[in-house]
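The block underneath contains the structure these notes are about, expressed in structure tokens.
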Amino acid sequence: MKWRGKRTSGNIQDRRRGGGMGRAGGIGGLGMIVVILVGLFFGVDLTPFLGGGGVGGNQVTTSQSADSGQIDDEAEEFVSVVLRQTEEVWTDIFAASGYQYEEPTLVLFTGATSSACGAAQSAMGPFYCPGDRQVYLDMDFFRVMEQELGAQGDFAKAYVVAHEVGHHVQNLTGLLGEVNQMRRSVSQAESNALSVRVELQADCYSGVWARHVVDDFQLTEEDIRSALDTAARIGDDALQRSMNGVVVPDSFTHGTSEQRQRWFDTGFRTGDEDQCDTFSTNQL
Ligand SMILES: [Zn+2]
């Protein structure tokens, strides 16, 4: 994946202290706990928002200390380049259907920060908040991905950012609001099943995006494999197996490793967001 020196996004909000040095030492001995938390929370990134948080896309502005807007380090540059590429791709896709894409903001933070969906914490893993239309990302998560989950490569990270942007697309199309509405009035198992469809669609959108940036990023087969590999490592069954050895399908909120790979691949092979209809298929 060739990303250096490419155009960056104007929609990064850097809330890290000290110009983005991150936490020295970081996860260290807490590694195991972090893995468990990432498993728990990366596995349920929409659930915390069921109880409110302005689902439906109304803009909530939180006052934050001004970000200089400049790129502080390589990690920020990477995320900014990827975000910029999602903006370009989704702007084109929306325009092709006569719609206007509205760009999300991506908030970089360390430790904890506030969101319209409640307090954001590193251990939650990256997530998208529909209430303020912002993606929240603590870049320590990338380190966890690499060191604890064994997911390697830049494109694996790009896949994660693109997945969260996929939720933003779902918010713009109205799907996210509709589904979250539905989830309030069904059983836990049914609510989880709806969540799985939302998540697999975001994986598919991530694949669609990947197809559109093959040339720009000079993606190789290995890059795509690293995204598929990451999708497999964060499948509900894989996470549950690694956490306590017991796989409980009713509790799945993101789909199995196989499903996550397959929907990413569907998006990537076709490059067509219309093929990402995880709601009308009975072949999830
Ligand atoms: Zn998700």
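State whether the residues of segment 124-134 include one that is part of a helix (DSSP H, G or I), closer than 16 Å to T110 by Cα and within 13 Å of the ligand (Cβ to nearest atom).
Scanning segment 124-134 turns up at least one residue that is part of a helix (DSSP H, G or I), closer than 16 Å to T110 by Cα and within 13 Å of the ligand (Cβ to nearest atom).
Of (1) under 25 Å from E258 (Cα atoms); (2) away from the ligand (no atom under 15 Å from the Cβ); (3) among the polar types (S, T, N, Q), N192 satisfies all except one. Which?
N192 satisfies every listed condition except (2).
Condition check: surrounded by fewer than 20 Cβ atoms within 10 Å (Cβ to Cβ) and at positive phi. Does G255 satisfy that?
It is false that G255 is surrounded by fewer than 20 Cβ atoms within 10 Å (Cβ to Cβ) and at positive phi.
Run E77 past the list (1) more than 16 Å from the ligand (Cβ to nearest atom); (2) in contact (Cβ under 8 Å) with a residue 40 or more places away in the chain; (3) part of a loop (DSSP other than H, G, I, E, B) and report the number of the one that doesn't hold.
(3)
Tell me which residues, restricted to segment 105-126, are under 13 Å from the mean Cα position of the chain (by Cα) and modelled with pLDDT under 90.
Matches in segment 105-126: M124, G125, P126.
From the list D216, D237, D223, exactly one residue is on the phi < 0 side of the Ramachandran plot, more than 15 Å from the ligand (Cβ to nearest atom), part of a loop (DSSP other than H, G, I, E, B) and in contact with a helix residue (DSSP H, G or I) (Cβ under 8 Å, 6 or more places away or on another chain). Which is it?
Exactly one of D216, D237, D223 is on the phi < 0 side of the Ramachandran plot, more than 15 Å from the ligand (Cβ to nearest atom), part of a loop (DSSP other than H, G, I, E, B) and in contact with a helix residue (DSSP H, G or I) (Cβ under 8 Å, 6 or more places away or on another chain), namely D216.
Determine whether segment 221-234 contains at least one residue that is more than 22 Å from G166 (Cα to Cα) and in contact (Cβ under 8 Å) with a residue 12 or more places away in the chain.
Within segment 221-234, one or more residues are more than 22 Å from G166 (Cα to Cα) and in contact (Cβ under 8 Å) with a residue 12 or more places away in the chain.
Within segment 104-127, does at least one residue satisfy the condition of being β-branched (V, I, T) and touching a His at 6+ places or on another chain (Cβ under 9 Å)?
no
Of everything in segment 87-108, what is within 14 Å of E164 (Cβ to Cβ) and not in a strand (DSSP E or B)? Give them in sequence order.
E87, W90, E103, P104
So is M182 of a type in the set (A, V, I, L, M, F, W, C), in a helix (DSSP H, G or I), surrounded by fewer than 17 Cβ atoms within 10 Å (Cβ to Cβ) and more than 11 Å from the ligand (Cβ to nearest atom) or not?
Yes: the conditions hold for M182.
Can you work out which of the residues in segment 167-179 that are among the polar types (S, T, N, Q) and out of contact with any strand residue (DSSP E or B) (no Cβ under 8 Å at 6 or more places or on another chain) is farthest from the ligand (Cβ to nearest atom)?
T173
Scan segment 141-166 for residues that are of a type in the set (D, E), away from the ligand (no atom under 16 Å from the Cβ) and either assigned to a loop (DSSP other than H, G, I, E, B) or farther than 11 Å from A227 by Cβ (or both) and jot them down.
Hits for segment 141-166 are E146, E148.
The values are calculated or read from the model by the stated rules, or taken from the named source; none is laboratory data. Here the structure is a predicted model, which is why all the values come from computation and not from measurement. All Cβ positions, even for glycine, are placed from backbone atoms using ideal geometry, and neighbour counts span all protein chains on display.
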